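Asks: There's a structure below that I have some questions on.
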Amino acid sequence: MTFVTVLPAAYSLHQEGTRFSRQCPRRPHKQTKRHPSGASRRDKSSFSLATHRRGQGNDIEYPRSPCAQQEDTVEAPPSRENIYGRRDGILTAFTAGAACIYEGSSPPPASAFGIGSSLAERLEKRDLPKSVFNFPPREVVFPAWLEGTWEVKAEFAGYAFPSKAISKERLVSDPSVPGFQKLSLLFIPDVGANANYDLRFTRSDAGKVVEDRAFNVRSIVDGYYKTPGVVQAVAYNPKVEPNRCSVRLAPGASPNAERIELFSNARESETRASDGTFFLAESLRQVTLGFTREYGVAREVVTDYQHVWTFTPEEDGKVRGTLSTAGYLQPNEFLRYTSTSSVPVAGNMMDAATQPVIFFSHVLTMNRK
C-alpha cells in the first residue's frame, strides 16, 4: 500500500507580500502604489503594509519608517506570518493529509510514514527517541483475548543509561530524571520495587476492547504502595478526552504529589504475526503537583517518558508481558548538562533532548481472574 500525504489546496508555502516598494531618494509620484493584498500606501501610515491575516487571527501592521518618502525595493521586516506561517502550515498540511488517509482508524505505526522500522525492532534496539511532532492520538484498541480482569505480578528487571552525552555519575544525583523519585512515573510509582495489582480491559460501546484506565491507575498505585486508598479519585473520560487523566491522591499519602495530570502525546500499536504478541507504545507527559515547605508556593514537576508494553498469550491461558520505559530530560535540563561554553549551543541541546537518558525494564506475569 502506498501512503500519500494530501496537502490542503488552500495552503501555499509561498507567502506573498514579503517585498514592498518605497521611494528613495526622490519624492513619490502621486500615483498610489498598492500592496499585492490590496492595501493602499497612502493609508494612515505612509509605511504600513496591508494587514496579514492567518485564519481569524489578529491584524499585524508594521510601524512607520523614517524613510517613508524614499523609493527603493527592500525586504520587508519579518512578520509573525512569515516566521510562523510556514511551520504551522507544514504541520497543518501533514496532519490534515494523515487525517484524510486514516480517517476512522487508529493512528498508523511510525513506519507507515517512513519514520523508522517496526515497533518491535525499535524496542529491541532501544531506539525510542522522544516524540516531538504529533497529532492527538486515538484510544488504543486491544486484542480480544485481553478482555477481562487480570492479576498482574510486576517484577523489576533492570536499568540502563544509554546517553552518550551525559555520564551516569551526573545523572544518578539528579532527582528530575523520570523514575528517580516516587510517583514521577505514574504506571511505575516506585521503580525498583515489585508489586501485585489488577489490570482490566473492557468492551466499549463500539464493541472494541479498550483499557479501563481509571481502574488500572488506581490499582497500580495502590499495589505499589501496598495500601488501598492511596488514590482518592481518578478523572478520565475516553469519550471526551482520551489523552488526559487526572489523579488526586489522598491527603498525606505521598510527600511528592497531591495531584497528577497525565497527558498522552502519541500512541502506536502493532501485533507480531509469529507469536501474536501485542505491542503498545505511549509517549506521556506527566505534571506532578504538590506542596512545598514554603507557604503559598506549589510544587510542580514535569516529566516526559515513553512506555512500551508487550503482551504475549500463552497456551495455558496466561499472558506474559514486559514494560519498558524510556525517560527523557527537559530541554532546559539538557542545556545545563551539555553546555560546555559560556554561550550554550541550542542545536546540541535539541539533538540530545530527544534521546532517552534512562531505561527501565519490568517483567509482567498475568493470570485471568
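Please treat every number below as a calculation from the coordinates, not as lab data. As the structure is a computational prediction, the values presented were derived from the model and not from experiment. With ideal geometry, Cβ positions are generated from the backbone for all residues, glycine too; neighbour counts draw on all protein chains shown.
Asks: Just need the relative contact order of segment 144-368 here, percent rounded to a whole number, with Cα pairs under 8 Å and 6+ apart.
Replies: Worked out over segment 144-368, it gives 22 percent.
Asks: Can you sort Leu199, Leu289, Leu329 from fewest to most other Cβ atoms within 10 Å of each residue's own Cβ?
Replies: Leu289, Leu199, Leu329
Asks: To continue, here is another question. Structure shown: which of Lys125/Lys164; Lys182/Lys369; Lys130/Lys164; Lys153/Lys226; Lys153/Lys318; Lys208/Lys318 lie over 19 Å apart, alpha-carbon to alpha-carbon?
Replies: Beyond 19 Å: Lys182/Lys369; Lys208/Lys318.
Asks: Still on this structure: So how do 234-240, 180-186 stack up, highest first, on mean other-Cβ count within 10 Å?
Replies: In decreasing order of mean packing, 234-240, 180-186 become 180-186, 234-240.
Asks: Work out, step by step, the length gained on full extension between Arg320 and Ala157: first 0.36 nm times the residue separation, then minus their alpha carbon distance; give nm to one decimal.
Replies: Result: 57.3 nm gained on full extension.
Asks: What's the Cα-based Rg to Rh of segment 144-368, Rh via Kirkwood?
Replies: Radius of gyration relative to Kirkwood radius: 0.98.
Asks: Also, I was wondering about something else. Quick one: if the Förster radius is 35 Å, what FRET efficiency do Lys125 and Phe291 give, using the C-beta to C-beta distance and rounding to 0.05?
Replies: On the way: r = 42 Å, r/R0 = 1.19.
Taking R0 as 35 Å, the efficiency between Lys125 and Phe291 is 0.25.
Asks: Evaluate E = 1/(1 + (r/R0)^6) for Phe135 and Lys164, where r is the Cβ-Cβ distance and R0 equals 35 Å; express this FRET efficiency to the nearest 0.05. Walk me through the numbers before you get to the answer.
Replies: Numbers: r = 31 Å, r/R0 = 0.88.
According to the calculation, E is roughly 0.70.
Asks: Multiply the residue separation of Glu147 and Asn196 by 0.36 nm, subtract the distance between their alpha-carbon atoms, and state the gained length in nm to one decimal.
Replies: Stretched fully, the Glu147-Asn196 segment lengthens by 15.7 nm.
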